[in-house]
């Protein structure tokens, strides 16, 4: 078992009050943990299994935080889908499917189990492993940048309607327009680097999960690509948005032009998709 001992697994599994669950798979993982699936797994001390994991976050009877890792991905996926639809679902992974129980939570939660002490990390007598803690998102950096890209993908229509296509320019005659409060010059250079690295992914596939494709209205797909210091969110039938570590809080729109559509199509063909 990774990251803990059998006693800790038994303690967490004995009476876990489930608060939430998330998937950790090549196609869907908490991007705040890393730019790709192997990096997100490494943040939890887990091997990047092809089928992935389900992460069940809850509290034990004393209120301590635990993250139970299960390889029953389908069970966790059904639970999440049920909760999203407002339905009750008793998520109780079979102990045979439990890979490990990790102290702490890798994600920030604003909820707690009723009738229990406030969430706290297990004591040193419960585990030899340091408790998991959420990445620091109080300052701009990779974790905050990836969360920003998540928000754009989730609220695409709201972000898109704020843009007037007439604002886009086509510097250098390439057709990829760039706008942004950070300034045309700084945005242009950063975006060029991102697009070049994204094109390189087509020729040489990056680590699993660096490029993901998910549902979008109509015949389009929502694309998400990440790399060292950058995130890209796009619709295959529309524009793209770029976020950079070097430009705190800036969101740089990239117009379609003649080159972006082909790049997005190529990325979509190689992207990991939810099963």
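Details
- Scope region 185-213; condition modelled with pLDDT of 95 or more and either in contact with a strand residue (DSSP E or B) (Cβ under 7 Å, 6 or more places away or on another chain) or more than 19 Å from residue 262 (Cα to Cα) (or both); matching residues: 194, 197, 198, 201, 207, 208, 209, 210, 211, 212, 213
- Failed item in (1) crowded, with 18+ Cβ neighbours inside 10 Å; (2) out of contact with any helix residue (DSSP H, G or I) (no Cβ under 9 Å at 6 or more places or on another chain); (3) closer than 22 Å to residue 136 by Cα, with residue 111 passing the rest: (1)
- Taken over region 215-234, the residue count meeting the criterion of being part of a strand (DSSP E or B) and modelled with pLDDT under 95 is 1.
- The residues on offer are 54, 63, 45, and the sole one that is touching a helix residue (DSSP H, G or I) at 6+ places or on another chain (Cβ under 8 Å) and modelled with pLDDT of 95 or more is 54.
- Condition check for residue 253: farther than 12 Å from residue 148 by Cβ and surrounded by fewer than 17 Cβ atoms within 10 Å (Cβ to Cβ): no
- Meets criteria (at pLDDT 95 or above and not assigned by TED's automatic domain parsing to the domain that holds residue 41) for residue 178: no
- Members of region 193-214 that are touching a residue at least 60 places away in the same chain (Cβ under 8 Å) and not in a strand (DSSP E or B): 195, 198, 199, 201, 202, 205, 206, 207, 208, 209, 210
- Filtering region 81-95 to residues that are surrounded by 14 or more Cβ atoms within 10 Å (Cβ to Cβ), in contact with a helix residue (DSSP H, G or I) (Cβ under 9 Å, 6 or more places away or on another chain) and either over 18 Å from residue 53 (Cα atoms) or outside the structural domain of residue 53 (by TED's automatic domain parsing) (or both) leaves only 89.
- In region 256-275, of all residues being in contact with a strand residue (DSSP E or B) (Cβ under 9 Å, 6 or more places away or on another chain) and part of a loop (DSSP other than H, G, I, E, B), the one that is surrounded by the most Cβ atoms within 10 Å (Cβ to Cβ) corresponds to 271.
- Consider region 110-136 and keep the residues that are within 19 Å of residue 41 (Cα to Cα) and part of a loop (DSSP other than H, G, I, E, B). The one that is modelled with the lowest pLDDT is 129.
The values are calculated or read from the model by the stated rules, or taken from the named source; none is laboratory data. Quick caveat, the model's predicted, so the values are computed rather than measured. Neighbour counts run over all protein chains shown; Cβ positions are idealised from the backbone, glycine included.
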